[in-house]
1. For Ala93 and Glu44, calculate 0.36 nm times their separation in residues minus their Cα-Cα distance, and state this gained length in nm to one decimal.
2. Can you give the FRET efficiency to the nearest 0.05 for Arg171 and Asn71, using r as the Cβ-Cβ distance and R₀ = 35 Å?
3. So how far, in whole Å, is the C-alpha centre of segment 241-314 from the one of segment 192-207?
4. Once both labels are modelled 7 Å past Cα along the beta-carbon direction, what's the Glu184-Val248 spacing in nm?
5. Using amide H atoms built in the peptide plane, which far-off residues or other-chain residues are under 5 Å from Asp212 H to H?
6. Going by average Cβ density within 10 Å per residue, which order do the peptides 304-311, 224-231 take, highest to lowest?
7. Please list 3J(HN,Hα) in residue order for segment 105-118, calculated via the Karplus relation 6.51 cos²θ - 1.76 cosθ + 1.60 where θ = phi - 60°; whole Hz, with x for glycine and proline.
8. For segment 179-314, what is the Kirkwood estimate of the hydrodynamic radius, computed as the reciprocal of the mean inverse distance between distinct Cα atoms, to one decimal in Å?
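The values are calculated or read from the model by the stated rules, or taken from the named source; none is laboratory data. None of these values were measured; they are calculated from a predicted model. Here the Cβ positions follow ideal geometry from the backbone for every residue, glycine too, while neighbour counts run over all protein chains shown. The area values use the complete protein model at the heavy-atom level, side chains included, leaving out ligands, DNA and RNA. Shrake-Rupley method; radii C 1.70, N 1.55, O 1.52, S 1.80 Å.
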Amino acid sequence: VINVTTESVLKSSTSTRKTDSKYLDIFRVQTEALLAIHDFLYREELVQLMPVLLSPVTDPLNHPVYDAAINYKDQELQLTKSMILHKQVAVAALDARGIYIVSPNIRLEKDLHSNRHLLEFSQLDIELKKTSANEFMSMMESLMACIFRRVKIVCSEELERLGSEIHLPKRPFKIYSSLSLLEEFGEGYESEISNLEKDLFWITDFNREFYDREDPDERGHYINYDLFYPEGYQEALSGGERDYEYEVLVRKIRERGQNPSDFDAYLDYAKKGLLCPSAGGGLGIERLVRFLTKRIHIGETTLFPRVPDTKILM
Ligand code: AMP
Ligand code: MG
């Protein structure tokens, strides 16, 4: 169970920055993890797209953050919070099995202070065309196994110096419903179950953003999932099957107290029938590296940490 203050961890990491090989070891692990990701997704016949950082529309998220928009020649442009809406457009536009993007996400967090939140991080965003939640989850399990295997073999010396031992995940991963976990553990169920588990696992059935697909058999239930790390490291990925029909999207935006006109650019695609069924998810790269290298604070996985409530130095 991880519990050390942000300040003490980041202070110790800055003071050793110049002299030890810790960061080089961490970035070697990150490099191998990214190579495993590209290699795996290439073999799965996905194509990589480049990220966009400015758009009239972005992910509304499921929690409040400060506004991150700029004005350019009378157009208000949001800094990307995630590529989800662009992924839906792209996966429908291309005759490919699926797409992926490694994209910077900007989230000016208001109240989230934890060892796993940054204001700016990188997300591996994957979307598969006309695919079910089960198929996506199974692909992710293979991908995680691939990453873990490669890093364990290629970076054995780095891992030893970092004091990390990688345990290859047993498949299939366990699946918990958020509804039963809430009953068993109360509000803090994510941290409780992550502390108890020894291996990667899934939590399903979250009630969240409008684009996650509503279960056609049961209003108010959603076909979505989060992948979790064990040993207290918590959330790795969020994703789901998607809704894509104009009327359904507009209703769900309204039900969340949001304004459909904020999503005009995206809803235009839906109205013209230019979205399609898909499933996917986003994996935080820094959180992955944090888990692989067993760092206490996510800020230790980057030379340029953007930690909530902490001055950005460079
Ligand atoms: P979300 O769709 O908001 O769950 O984001 C997808 C994934 O990105 C999460 O499962 C995390 O791995 C990662 N992530 C989300 N927010 C942050 C953050 N503030 N700092 C670092 N990683 C994050
Ligand atoms: Mg999430």
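1. Stretched out fully, the Ala93 to Glu44 stretch lengthens by 15.8 nm.
2. Working: r = 48 Å, r/R0 = 1.38.
With R0 = 35 Å, the Cβ-Cβ based efficiency is 0.10.
3. Distance between centres, Cα-based: 20 Å.
4. 3.0 nm
5. Those qualifying (amide H under 5 Å, at least 5 residues apart or on another chain) are Asp243.
6. Highest to lowest by the protection proxy: 224-231, 304-311.
7. Once rounded to whole Hz, the list reads 10, 10, 9, 7, 4, 8, 10, 8, 10, 7, 7, 10, 10, 10.
8. Details: mean 1/r = 0.0579 Å⁻¹.
Over segment 179-314, the inverse of the mean reciprocal pair distance is 17.3 Å.
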